[in-house]
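The values are calculated or read from the model by the stated rules, or taken from the named source; none is laboratory data. Everything quoted here is computed from the prediction, not taken from an experiment. All Cβ positions, even for glycine, are placed from backbone atoms using ideal geometry, and neighbour counts span all protein chains on display.
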Amino acid sequence: MTKTWLVARRELGAYLRSPLGALVIAAMLLIDGIWFYWQGMSEKRLSAEVLQEFFYAASGTTMVASLFLAMRLVAEERQTGTITLLSTAPIRDVEIVLGKFLSAFLMLALATAVSAYMPLLILVNGKVSAGHILVGYLGVLLLGAAATSIGLLGSVLARSQVVALVLGALLLVPLVLLWLVARAVDPPLNGFLSGLALHHENFRPFMQGILELDRVAYYVAVTFFFLLASVKAMEARRWR
Amino acid sequence: MIEIQDLYKLYGTRRAVGPLSATIEQGEIVGLLGLNGAGKTTTLRILACDLLPSAGTVKVGGLDVVEEPHRVRALIGYLPDTPPLYAEMTVRELLGFAARLRDVPSGELGRRVGEALELTRTVEVADQAISSLSHGFRQRVGIAQAIVHRPRLVVLDEPISGLDPVQIVEMRELVRSLGGEHTVLVSSHILHEISETCDRILVIDDGKIVESGTEQELAARLGAGVRVEVTVGGSADAEAVLRAVAAVREIEPIDVAEPGARRFRVTADADPRDALVRALVAAGVPVLGLGRAESELETVFTRLVAAGAEAPPARRASRKRRPRPAAESAGDTAAADAAPVIDEEAPR
């Protein structure tokens, strides 16, 4: 765990010293803010509906931001050759992967935390519960963790950051769009595919402020699966 | 310190290394000399536990690199051909990170980082961002990160690559200073460099160690002799005087720009410098210069590679090797590096 945190701290330092971290946070806040203004201020709506719309927008920006934050994690190290520092040190691949995941996730959490002024405005001026806000944010963070783990796998597999971004998107988008496929097939396959979709059925309860443990378990499982795949891909690299 | 037995590394069906066997003792400075694509980097990466061997046994400090990679990595400091440096960090931050990564206790961290900075003479740039450093300093920091945890084995892959002549001399001193406390394995395709820096040379070609020994041992074994260059003045028959020295086997006049001076390349069975000077002085011939000919090891190496080339025709035909200029010395490193070369080493 010490070395996981060591890697995570170094990565966080790299995010904060490079323009990437600031750009991603700024872009997230800008898009969320525009959406919030458009949905919340332009017409009369129920506070809970505005909050739901905010979390809907936040889920989209979070997924995209995750890919941008994760693309550099391993691919950049491979491009610059610094991966050798890690791969020849007494640190396990699982510690490297967890450290890198943790750093990107913490950056994402920071960006998400900065956006809290928008739901707080609704809380102060409208009628929503703090529980709705907390559950919504829990959903955004769980979705972000899953998307980051997917982006990380893309970064482990790729040799350049651009390819890592494309690979991450190629893994993420079909998972998001599974609900569309589910609509086109018959039961019971549609239920199965819908349950696998990264966003639609699994994220909506969080948007509405409803905490369902099976949805939490789903996101934890997706995150675990892609982190495990990343570790295995790192290990396999030594055989090549 | 290092025991390699029948090591093989295959990339698909292509054999990059093997069969390769070698032993290196504690405290030795050993050079791994070979052309690009000969298998140097692959061998070093396997030693550093960055790559797994396809077959064979590799032990470092008695530990198997496949069975106990975690413990082996703690014994090794590795500088790959491109120094693994995070550009946004300062030198001190990077060394602290590398030390913690290699289990240096937090109480000793400052002292170990300080020692590495002093040994590599990077104290003056310790608080500068790595992105602002020159290539020479980056190479030094690369070595610093490899020794900050006081490893028993230091593995340096082409440490002088891209350095200017002054930096090469400094790097040579640095590598030599590591001997004794550390076992050092240096790879290079620069013949002169290996000869100047290392106690012993392992010549690798086509993924195999084709010869091992000191420069003189290799030269003697292949009958290449010891070569020196002597510059003399005056009008006396210096060539006759040189020819009379017992160990001298061959004398070849060389062009020299200096007016009134003549230069000869002398090949002898053993180092003839002392005898040559005595004979010339006794004959009243002014001695203007005397030194080892840089191409001595080159001759040995060329013969070894040429001998290897005759043996396994199948794989050699498939290697994308182009002929390299014969006289690669420290001074023409940059040109050698810039030339389109041979087979790519292991993919990263």
Close pairs (6 angstrom Cβ cut-off, 6 or more residues apart or separate chains): within 14 Å of another protein chain (Cβ to nearest Cβ) in segment A:219-240, part of a helix (DSSP H, G or I) and of a type outside the set (A, V, I, L, M, F, W, C) anywhere
A:M234/A:D93; A:E235/A:D93
From B:A87, B:A116, B:A22, grab the single residue that is crowded, with 18+ Cβ neighbours inside 10 Å and either within 12 Å of chain A (Cβ to nearest Cβ) or closer than 20 Å to B:R200 by Cα (or both).
B:A22
Helices (runs of 4 or more DSSP H) within segment A:96-178 that include 2 or more residues of a type in the set (S, T, Y)
A:130-157
Whether any residue in segment A:70-78 is within 23 Å of A:S115 (Cα to Cα) and assigned to a helix (DSSP H, G or I) is what I want to check.
yes
Can you list the helices (runs of 4 or more DSSP H) found entirely within segment B:160-231 that contain at least 3 residues being within 27 Å of B:V248 (Cα to Cα)?
B:191-197, B:215-221
Helices (runs of 4 or more DSSP H) completely within segment B:1-113 that count 1 or more residues being under 17 Å from the mean Cα position of the chain (by Cα) and touching a residue at least 60 places away in the same chain (Cβ under 8 Å)
B:40-47
Here the residues within segment B:255-266 that are modelled with pLDDT of 85 or more and in contact with a Lys or Arg (Cβ under 8 Å, 6 or more places away or on another chain) are B:R265, B:V266
Members of segment A:1-51 found to be part of a helix (DSSP H, G or I) and of a type in the set (G, A, S), listed by number:
A:A8, A:G13, A:A14, A:G21, A:A22, A:A26, A:A27, A:G33, A:G40, A:S47, A:A48
Within 20 Å of B:G179 (Cα to Cα) and at pLDDT 95 or above: is that true of B:Y78 in this structure?
yes
Residue under evaluation A:L211, criteria (1) surrounded by fewer than 17 Cβ atoms within 10 Å (Cβ to Cβ); (2) assigned to a helix (DSSP H, G or I), criterion not met:
(2)
If I ask for residues that are in contact (Cβ under 8 Å) with a residue 40 or more places away in the chain, surrounded by 22 or more Cβ atoms within 10 Å (Cβ to Cβ) and facing another protein chain (nearest Cβ under 7 Å), which ones from segment A:61-90 would you list?
A:S87
